[in-house]
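Where a number appears in this text, it was derived from the coordinates with a stated rule and is not lab data. Source: prediction; values computed, not measured. All Cβ positions, even for glycine, are placed from backbone atoms using ideal geometry, and neighbour counts span all protein chains on display.
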Amino acid sequence: MPELPEVETWCRALDGPVSAFPIEKAGPAHVATLKTFDPPLSALEGRRLAGAERRAKRLLFPTDDGELVLLVHLMSSGRLRHLGAGERGPKMPAFRLAFQGGSQLILTEAARKKRAGVWLLTPEEAEQELAHLGPDALHIGANRLGQICAGESRRLHSLLRDQRSISGIGRAWANEILHQARLSPYALSKELEADEVERLATAIDAELTRGLALRERGANDKRTYRVHNKLGDPCYVCGTPIARVDFEEHTIYYCPECQTGGRVLKDRRLSRLLR
Ligand SMILES: [Zn+2]
């Protein structure tokens, strides 16, 4: 699933093009993709978008008159593309905005099960829709992070992925961040020392910034990740083969030498079933 660096990259790339021309035609939209019916999509026609914004892993496109917000959540396999005038796109996109002058914003979804969503909302409704999200992970800082960690006792990998606590991080960047911070994915948030919280805050910024820079240059997953999906590859710090363990519904990648003091983590799914 695209996370903060990926969504922020798309946000920056789309900001100019989507605001260049007023919307001529909004839709069609796949019935599973469009999550709202009032106001109708046609309410966008004739209006201009102010640009693109990001909240957590979502994209927001407010109209420049301040009356409507188009909210897009791409989930795992949705993709947004801007096509210039005359550029050919897919015949049946999940969602389309056509702009005056001929350019288009297209949402496609490769998976058979449509999970990406588009909402047309008032700014107040959009705020409500996003109210459950925790603070953005980028530049969260050690103070705020320390409060979140002290707030409840959670395994770090799980806490980092919880959008209500900290927003924008998923399983790939949680792997990268915890490795950079030299912290165990299973460490309990309440038990972190002040210097460990500091290290985690620094690692969050360092890794998300690194990811953003790479994605803006068009880097693929293989070049972007150093730990995630790298089972058996040498750790970039110490050379120990990267290990993998299943936890909740996720697979965690980590370095046993850098992160867990040489200990190999045990699969926790079985113990959870037995609880
Ligand atoms: Zn290592």
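For R81 and L214, what does the FRET efficiency come to when R0 = 25 Å and r is the distance between their Cβ atoms, rounded to the nearest 0.05?
Values: r = 20 Å, r/R0 = 0.79.
Approximately 0.80, to the nearest 0.05.
Report ³J(HN,Hα) in whole Hz for each residue of the stretch 19-28, in order, from the Karplus equation J = 6.51 cos²θ - 1.76 cosθ + 1.60 where θ = phi - 60°; Gly and Pro get x.
9, 6, 9, x, 7, 8, 9, 9, x, x
Mind checking the angle between helix 194-216 and the chain's longest principal axis? C-alpha axes, 0 to 90 degrees, to the nearest 10.
Here the helix axis deviates by roughly 40 degrees.
What residue among P256, G117, Q100 has its Cα farthest toward the positive end of the dipole of the chain, where the charges are +1 on Lys, Arg and -1 on Asp, Glu, each on the Cβ?
Comparing the listed Cα positions along the dipole, P256 ranks first.
Students often get this wrong: which residues of the stretch 208-247 have the backbone nitrogen under 13 Å from the point 7 angstrom along Cα-to-C-beta of H139?
The answer is 209.
Per the helix-only calculation at 222 nm, which mean residue ellipticity applies to the chain, given -39500 (n - 2.57) for every DSSP H run of n ≥ 4 and division by its residues, nearest 500 deg cm²/dmol? Spell out each step's value before the answer.
On the way: 9 runs with 87 residues, N = 275.
Result for the chain, helices only: -9000 deg cm²/dmol.
For the peptides 30-37, 3-10, 63-70, 17-24, what is the packing order when you average, over each peptide's residues, the other Cβ atoms within 10 Å and list the highest mean first? Please list the in-between numbers first.
On the way: 30-37: 14.1, 3-10: 22.5, 63-70: 16.4, 17-24: 18.0.
Put in order of decreasing packing, that is 3-10, 17-24, 63-70, 30-37.
Listed highest first by mean packing, meaning other Cβ atoms within 10 Å per residue, what order do 251-258, 221-228, 165-172 come in?
Details: 251-258: 21.0, 221-228: 16.9, 165-172: 23.0.
Those peptides, ordered most packed to least, come out 165-172, 251-258, 221-228.
Could you give P(r) for the chain, binned at 5 Å from zero, as whole percent values over all Cα-Cα pairs?
Whole-percent P(r) values from 0 Å outward: 1, 6, 12, 15, 16, 14, 12, 9, 7, 5, 3, 1, 0.
Using only alpha carbon pairs under 8 Å that are at least six residues apart, calculate the relative contact order of the stretch 49-198 and give it in whole percent. Mind showing how you got there, number by number?
Numbers: 230 pairs, mean separation 29.5, N = 150.
Reported relative contact order: 20 percent.
In a shell of Cβ-Cβ distance under 15 Å around R47, excluding R47 itself, what net charge do Lys and Arg (+1) and Asp and Glu (-1) give?
Details: positive: K25, R48; negative: E24, E45, D64, D65, E67.
So the surrounding residues net to -3.
Using the Karplus curve 6.51 cos²θ - 1.76 cosθ + 1.60 with θ = phi - 60°, work out ³J(HN,Hα) for each residue of the stretch 76-89 in order, rounded to whole Hz, and write x for Gly and Pro.
7, 10, x, 9, 10, 9, 9, 10, x, 4, x, 6, 7, x
Using alpha-carbon pairs under 8 Å, 6+ residues apart, how would you state the relative contact order of the stretch 1-107 in percent?
On the way: 190 pairs, mean separation 33.5, N = 107.
Here the relative contact order equals 31 percent.
Compute the FRET efficiency between K190 and T122 as 1/(1 + (r/R0)^6), taking r as their Cβ-Cβ distance and R0 = 41 Å, and round to the nearest 0.05. Mind dumping the intermediate values first?
Values: r = 39 Å, r/R0 = 0.96.
About 0.55, to the nearest 0.05.
Which links in K35/K230; K113/K230; K35/K57; K114/K230 stretch past 25 Å when you go from one Cα to the other? Provide the component values of the computation, followed by the final result.
Working: K35/K230 37 Å; K113/K230 28 Å; K35/K57 17 Å; K114/K230 29 Å.
Too far apart for the 25 Å limit: K35/K230; K113/K230; K114/K230.
When the Karplus curve 6.51 cos²θ - 1.76 cosθ + 1.60 is applied with θ = phi - 60°, which whole-Hz ³J(HN,Hα) does each residue of the stretch 163-176 get, with x for Gly and Pro?
3J(HN,Hα) across the stretch 163-176, in whole Hz: 5, 6, 8, 9, 10, x, 9, x, 6, 5, 6, 4, 4, 5.
Only Cα pairs under 8 Å and at least 6 apart count here; give the relative contact order of the chain as a rounded whole percent.
Working: 521 pairs, mean separation 43.4, N = 275.
Computed over the chain, the figure is 16 percent.
Need the C-alpha centroid separation for the stretch 24-62 versus the stretch 212-233, integer Å.
Taking the Cα centre of each part, the stretch 24-62 and the stretch 212-233 sit 31 Å apart.
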